[in-house]
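In what follows, a structure is listed as structure tokens, so that the remarks can point back to it.
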Amino acid sequence: MEMEKEITIQIICTYEKLHSILLSKGFEIKEEYNMKDYYMIDSNIDIDNMKSLDILKKCILVRDIENITKQLLYKYKKYDEKGNILEQGKVKCPIIDIDKAIEFMKAINYKTLFNIEDKCIVYTNDKTELIVQLVNNKYIFIEMENKCEYINREYKDVDEMITEIDSYKLPCIKDNYFVKKAEIILNETLYR
């Protein structure tokens with residue numbers, strides 16, 4: 001399992017405003033891509049009496065990063081009592097065809113719980129790399145990962161990433177560095 005560290009914050013302004021703020025802080029766009037995740041779970045699991053994070057631990061994702069990769073994905077996350085992520089990792093299995101992968105999952109008795117459509121925009125400046133995520137045309141998140149792809153930097157721990165993101169004073173929900181977009185969408189789906 002590939003282990004990693006990341007933080008995610010929720011932004012409370014428009015993308016246009018956020019883009020303007022990031023440009024004013026020396027950021028530029030390095031990459032844009034679209035991602036669609038199908039969260040699937042074994043149909044035999046009774047989710048009615050489960051907490052949302054426990055449901056997500058049972059999900060397999062069928063992921064399509066347009067024109068980049070397609071994969072089956074399992075995400076492992078361990079949380080503290082406040083919901084902060086203590087440890088996380090993922091296992092990826094490359095696939096060729098999203099529709100066939102979903103058909104396969106259904107054949108082994110999995111069902112789709114919900115989908116996340118995510119427009120990802122990677123911003124960098126001389127010291128920071130951020131991924132702005134526009135989720136389901138409704139939410140805006142910023143994710144930071146400990147291993148940066150475009151700049152020569154690796155964060156030693158989550159606290160270093162938190163200090164860095166706080167230094168930009170972005171319009172976000174304060175003091176929540178582990179926003180779980182999948183949990184938000186799952187809860188919207190289950191409790192409409």
**Complete:** Within segment 113-126, of all residues that are closer than 18 Å to I165 by Cβ and at pLDDT 95 or above, the one nearest to the chain's Cα centre (by Cα) is C120
**Request:** Name the single residue, out of those in segment 45-71 being touching a helix residue (DSSP H, G or I) at 6+ places or on another chain (Cβ under 6 Å) and assigned to a strand (DSSP E or B), that is nearest to L113 (Cα to Cα).
**Result:** V62
**Request:** Scan segment 120-154 for residues that are assigned to a loop (DSSP other than H, G, I, E, B), among the hydroxyl-bearing types (S, T, Y) and surrounded by fewer than 20 Cβ atoms within 10 Å (Cβ to Cβ) and report the count.
**Result:** 1
**Message:** Looking at I85, I45 in this structure, which one is under 30 Å from L170 (Cα atoms) and surrounded by 11 or more Cβ atoms within 10 Å (Cβ to Cβ)?
**Reply:** I85
**Complete:** Of the residues in segment 1-45, those that are at pLDDT below 95 and more than 24 Å from V132 (Cα to Cα) number 1
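Condition test on D99, is it acidic (D, E) and assigned to a loop (DSSP other than H, G, I, E, B)?
Considered against the rule, which asks whether it is acidic (D, E) and assigned to a loop (DSSP other than H, G, I, E, B), D99 comes out as no.
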**Message:** Please count how many residues of segment 77-96 are among the β-branched types (V, I, T) and either out of contact with any strand residue (DSSP E or B) (no Cβ under 8 Å at 6 or more places or on another chain) or in a strand (DSSP E or B) (or both).
**Reply:** 2
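The values are calculated or read from the model by the stated rules, or taken from the named source; none is laboratory data. All figures in this text were calculated on a predicted structure; none of them were measured in a lab. Neighbour counts run over all protein chains shown; Cβ positions are idealised from the backbone, glycine included.
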